[in-house]
Amino acid sequence: PPPLVRGDAAEELPRVLAELPRDGVTLVFQTSLFEYLTEEARERVRATIDASDRELVFVASGRPRSVPRAWGMRIYRPGGRRTFAGHADYHGTWLDYDL
C-alpha cells in the first residue's frame, strides 16, 4: 500500500512531490479535502501543482461548471501545460474522458 502522510496538505505536498521517483506519472487526488482548507491553503496546493516540473495528474472532486456531480480531471505537464482529461461520476457510475 502507498504510504500515508499526515499533516497540512499545503505544507506537505511540496516535500512529498520532491521525494517521489521521477520515472512515471504522479497522481494527486482529492475528493473532499478542499472543503476543509482555507482559500489560502487551497491556492498554495494549486500553486504547488502548477509549479511542478514533473508530469502529474490532478483529479479533484468538485462541481465543474458544465457537468454537475462530477470530478474534473486534468493532466499537468512540466512548464505549466495542462490537458483537460474529462469528468467522472462521484461514485464511479460513469467516466467521460478524451485523451
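The values are calculated or read from the model by the stated rules, or taken from the named source; none is laboratory data. Just so it is clear, the structure is predicted and the values come from calculations on it, not from any experiment. Cβ placement follows ideal geometry from the backbone for every residue including glycine, while neighbour counts extend to all protein chains displayed. For accessibility, only protein heavy atoms count, side chains too; no ligands or nucleic acids. Shrake-Rupley method; radii C 1.70, N 1.55, O 1.52, S 1.80 Å.
A few notes on this one:
- Filtering the range 47-99 to residues that are at pLDDT 80 or above and exposed (fewer than 15 other Cβ atoms within 10 Å of the Cβ) leaves Ala47, Asp50, Ala51, Asp53, Glu55, Thr93, Trp94, Leu95, Asp96.
- Members of the range 1-31 that are part of a loop (DSSP other than H, G, I, E, B) and either modelled with pLDDT of 85 or more or closer than 13 Å to Leu56 by Cα (or both): Leu4, Val5, Arg6, Gly7, Asp8, Leu20, Pro21, Arg22, Asp23, Gly24, Val25
- Enumeration of residues in the range 32-41 that are outside any helix (DSSP H, G or I) and either surrounded by 11 or more Cβ atoms within 10 Å (Cβ to Cβ) or among the aromatic types (Phe, Trp, Tyr) (or both): Leu37
- Every pair of residues 6+ apart whose Cβ atoms lie under 6 Å, when the first sits in the range 38-54 and is within 14 Å of Arg74 (Cβ to Cβ) while the second is open to solvent by less than 80 Å² (accessible area, probe 1.4 Å) and of a type in the set (Gly, Ala, Ser): Val45/Ala9; Val45/Ala10
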